[in-house]
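The values are calculated or read from the model by the stated rules, or taken from the named source; none is laboratory data. Keep in mind the model is a prediction, meaning the values are calculated, not measured. Cβ coordinates were reconstructed from backbone atoms using ideal geometry, including for glycine residues, and neighbour counts include every protein chain displayed.
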Amino acid sequence: MSGGVLSGLGKGITAASLGYLLKNRGYSVTNIKCENYLNIDSGNINPIEHGDVFLCEDGLEADLDLGSYERFLSEEVGHKNFTTIGQVYSAVIEKTKNLQFDGATVDAIPYVPEEVIKRIMTAAEKHDIILVELGGTAGEYQNVIYYETYRIMKLRFPNDTLHIHVTYFPNPSHINELKSKPTQLSVRKLNEMGIQPDIVVGRAELMIDDKRKEKVAYYCNLSKEDVISNPDCDTIYDIPLVFAEQKFDEIVLNKLKLPVKRGNLKEWRELVKKIKSVKAKEVRVAIIAKYLATGDYELQDSYVSLIESLRFSAWHNDLELKLDLISAEAVEKKDKTALNLLRQAQGIIVPIGWGERGVEGKIAAIKFARENKVPYLGLCYGMQLACVEFARNVLGLADAHTSEVNPDTKNPIIHDIPFEEKYQKIKGDGASMRLGAYDCVLKKGTLAYNIYDKYDAFVDKKKGLISERHRHRFEFNNEYRQALEAEGFVISGTSPDDFFVEMIELSPKLHPFFIATQAHPEYKSRPLQPHPLFIEFLRVSAAQRAKK
C-alpha cells in the first residue's frame, strides 16, 4: 500500500481498517510498515516531528501506525512488523562484511530490495494475508527501494500481490468540487516506475462521486469499482464500515482469487454506535504535555496512544471526553490560561517525557492534583515526578529530584542504575533502557490491585501478577522507600524480585484517586478492550465533579 500527493493521508488507518475487514472474514492477517528514514527505529526521533512512538510488547519503538494495527486487529505486533531503510542498509552492509554474497559487486538493486522482500516474507509467516505499508509518497527518492521491491515481488508472485494506492482528492474552496488531477499525476508517477496500481483509495473531505471515480478509472487504467472512497468521518473507527459498504475487502479477495467468506460486523457497528451516541455526562481531563508545538501549529500526534486510550475508556463509561493539552512550560511560567485550564480539570495526567524542559511545570501540576484531591494518573515520567513531588512537599526534601535532570541532587529520588542484561537493553552510546513487557506484582488491598481485579486483568491472579510495557531509563531509588511509605505513600506494585518500583499510589485517606505507574498502559488499550486504569481514572474523575 503506497501513498500519493501528500503525507499524513492515513495509509496506516486504511491498512488497519482493511486488515480488520479481512480478519473479520476469517483470514489470518498481519501488517508491516516500511519506513524511509535511516534511523534504526523510531525511539530517538522527536515526537513533534514524527508523532507518538508506539511501544510494542517485544520492546520495539515503532511508528505510530503500528498502534493502529494493534488497535484495529487486536493483534500484537513487533520487530518483524516494522523496518526502516536504516535497518535494511545496515543488514546488507553487514552481510557484505561477512562475505555472504560470494564476492559479488553489491549494488543497491537488487540486493537492497531482496533484503526488504526477506523481511516481508518473515513477517508474513503463518498468516494468510500481509498488508505492506510503504512510508512517504510516490516520487520521493527516499523510498524508491520499496517501489522496486514491489515491482520485483509482482513479477515473482503475480497472482498473490496487489498494489493499493492511497491518494488525495482536494476540494478547493473557490471551486467546491473534488479534483482528481493530483490522483492522476500520482498514478502516472507509479507508472513511470513500472507499477500499475490495482486499487486507488481516495482520501477526501467527502465521498467521491461516480463522475470522479469514472474519470480516475479512465485515466488510471482501472475499473470504476476499483476506486474506493475514504472520506473524512466523525471517527476513524467508522472507516471499516465505510469500506465494507463499498465492498473493498471483497474486491481485494476477488483479485487475490481467495474465497469471500462470511463476516460479521455486529460488534464493530455497536462500537461505532456507542462512539456517536449522546453521552450521559462529560468529563474534563488535562494532559500536562511537553511535545506540542511545531512552528506555528500545535499537534496531538505526540500523544496519540494516550488520547485514544482515554477515548476508549470514555466510550466504555458513557462519557463525553473534553481534553485539554496544557503546556508544561506554560504551567511552569504560571501562565493564566494554563492555570485556569488546570483548575477546571476533573482529572489530571502527566504522561511520558524526557529531560529538563517543562519538568517543574509537571511537578507543579502534580502538587495541584495532590493537594486539591483531583484524580491523578501518572505514566512513566508522571510516576517518577509524583515521587519527586511527594518527597519535596511532604517529606520536606526541598532539593529532591531525578538525577536525569539534576545529577548533583543530594536526594535522587529517581536515579539510573548500572546496566544488567536481564533488566535492560543498550540504546545508543551506552544508554541502557527497559524496553518492552515486564512483569509486576501488585500488593493486595491497594487501589492498583483492586482495579486489575475488577476487570480480570491479571496474568496470574494467585501471584497478583500483571504485565505492562516499559520505555524508560531511570528508576525509583529504593533508599527512599521507607521514608515515603511512612507518610502515606503506597508502593503498590514492584517487579517480581522486588527490585523495581512499578506502581505507586496515595492512601485513600489522603486522596480519592492518585495512582501512577512506571509502565505505559496506553500502548495496550484497544477500542473493544479499554485498559482498566483508564476506565477507572475517568469513572472517578467524572464522579468527582458532582462533589464540587
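Listed values, structure above:
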{"item": "Residue match in region 494-507 (condition: surrounded by fewer than 18 Cβ atoms within 10 Å (Cβ to Cβ), within 23 Å of the chain's Cα centre (by Cα), among the hydroxyl-bearing types (S, T, Y) and over 27 Å from K373 (Cα atoms))", "result": "no"}
{"item": "Residues within region 177-201 that are within 12 Å of G139 (Cβ to Cβ), charged (D, E, K, R) and exposed (fewer than 15 other Cβ atoms within 10 Å of the Cβ), tallied", "result": "2"}
{"item": "Selection count, region 428-476, where residues are closer than 16 Å to L533 by Cα, part of a strand (DSSP E or B) and not small (G, A, S)", "result": "8"}
{"item": "Flag if V285 is under 24 Å from the mean Cα position of the chain (by Cα), assigned to a strand (DSSP E or B) and among the β-branched types (V, I, T)", "result": "yes"}
{"item": "For K290: the one exception among (1) within 23 Å of A204 (Cβ to Cβ); (2) touching a Phe, Trp or Tyr at 6+ places or on another chain (Cβ under 9 Å); (3) crowded, with 23+ Cβ neighbours inside 10 Å", "result": "(1)"}
{"item": "Candidate set: region 92-131, residues that are surrounded by 12 or more Cβ atoms within 10 Å (Cβ to Cβ), small (G, A, S) and farther than 18 Å from I40 by Cα; chosen: the one modelled with the highest pLDDT", "result": "A124"}
{"item": "Residue within region 346-363 that is among the aromatic types (F, W, Y), over 16 Å from F474 (Cα atoms) and in contact (Cβ under 8 Å) with a residue 12 or more places away in the chain present", "result": "no"}
{"item": "Helices (runs of 4 or more DSSP H) completely within region 56-126 that count 1 or more residues being in contact with a Lys or Arg (Cβ under 6 Å, 6 or more places away or on another chain) and closer than 19 Å to V304 by Cβ", "result": "65-73"}
{"item": "Lone unmet requirement of (1) out of contact with any strand residue (DSSP E or B) (no Cβ under 7 Å at 6 or more places or on another chain); (2) in contact (Cβ under 8 Å) with a residue 12 or more places away in the chain; (3) assigned by TED's automatic domain parsing to the domain that holds V29 for I129", "result": "(1)"}
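Results for (1) closer than 24 Å to H415 by Cα; (2) touching a helix residue (DSSP H, G or I) at 6+ places or on another chain (Cβ under 6 Å), shown as yes or no for each residue.
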{"position": "M503", "(1), (2)": "yes, yes"}
{"position": "A519", "(1), (2)": "yes, no"}
{"position": "P527", "(1), (2)": "no, yes"}
{"position": "L533", "(1), (2)": "no, yes"}
{"position": "E536", "(1), (2)": "no, yes"}
